[in-house]
Amino acid sequence: MEKLKRKLMTFMRGRYGADQLYNALIISGMVLYFLGAMTDLGVLVIVAQLLIFWALFRVYSKQIYKRAEENRKFLKWWQPNQKKLKLFFRRFKEIKVARFRKCPNCKTTLRLPVKRGKKTVKCPTCHQKFESRIIL
Ligand SMILES: [Zn+2]
């Protein structure tokens, strides 16, 4: 077991390894593969295999600078989307206790307690007052 570990370490020396883009490629690859298998859409399986192949290519790549640059670009695109995705799930999780509204003045997302009807809300960021109506 030790021997195998050492062999693997020698093999991985100077190679790029896993990063956030690797994780994203593997996860989306597996999701697509699963969807493809469920729906009989062969094209999804092919795309999934390409994504996983790309992920593995990047892990064993020796062009570390290029791979790091790809990851940096990916993170730049992904981080704002990740925020939106988190808020999307939070809306569902807190649907019984809170509503999320954007301040019309500064665009900050505010978390408001659920109280039906019209209400005047004061934005804590820009101190602007606006009307918020919660129907459901
Ligand atoms: Zn505001």
*With a 10 Å radius around each residue's Cβ, average the other Cβ atoms per peptide and rank 59-71, 85-97, highest first.*
59-71, 85-97
*Determine which aspartates and glutamates satisfy two conditions relative to Lys76: a Cα distance under 17 Å, and not lying fewer than 8 residues away in the same chain.*
Asp19
*With charges only on Cβ, +1 for K and R and -1 for D and E, what is the dipole size of the range 5-136 about its Cα centre, in debye, rounded to 20?*
920
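Take the Cβ-Cβ distance between Lys122 and Gln49 as r, set R0 to 35 Å, and report the resulting FRET efficiency rounded to the nearest 0.05.
On the way: r = 53 Å, r/R0 = 1.53.
The value I calculate is 0.05.
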*Considering the dipole of the chain built from charges on the beta carbon (Lys and Arg +1, Asp and Glu -1) around the Cα centre, which of Leu87, Leu75, Trp54 is farthest to its positive end?*
Leu87
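Once you keep just the Cα pairs under 8 angstrom separated by 6 or more residues, what percentage relative contact order results for the chain? Working shown, then result.
Values: 135 pairs, mean separation 22.3, N = 136.
Computed over the chain, the figure is 16 percent.
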*In Å², what does the accessible area per residue of the range 2-93 work out to with a 1.4 Å probe?*
81
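At 1.306 mPa s and 10 °C, plugging the Kirkwood radius over alpha-carbon pairs of the chain into Stokes-Einstein gives what diffusion coefficient in µm²/s? Intermediate values should be presented prior to the final figure.
Numbers: Rh = 19.1 Å.
For these conditions, the coefficient is 83 µm²/s.
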*Label Leu35 and Phe100 with points 7 Å out from Cα along Cα→Cβ: what is the distance between them in nm?*
2.1
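The values are calculated or read from the model by the stated rules, or taken from the named source; none is laboratory data. The structure presented is a predicted model; accordingly, all values stated were derived computationally and were not measured. Glycine gets a Cβ as well: all are built from the backbone with ideal geometry, and neighbour counts include every protein chain shown. The accessibility values were calculated without ligands, DNA or RNA, using every heavy atom of the protein model including side chains. Shrake-Rupley method; radii C 1.70, N 1.55, O 1.52, S 1.80 Å.
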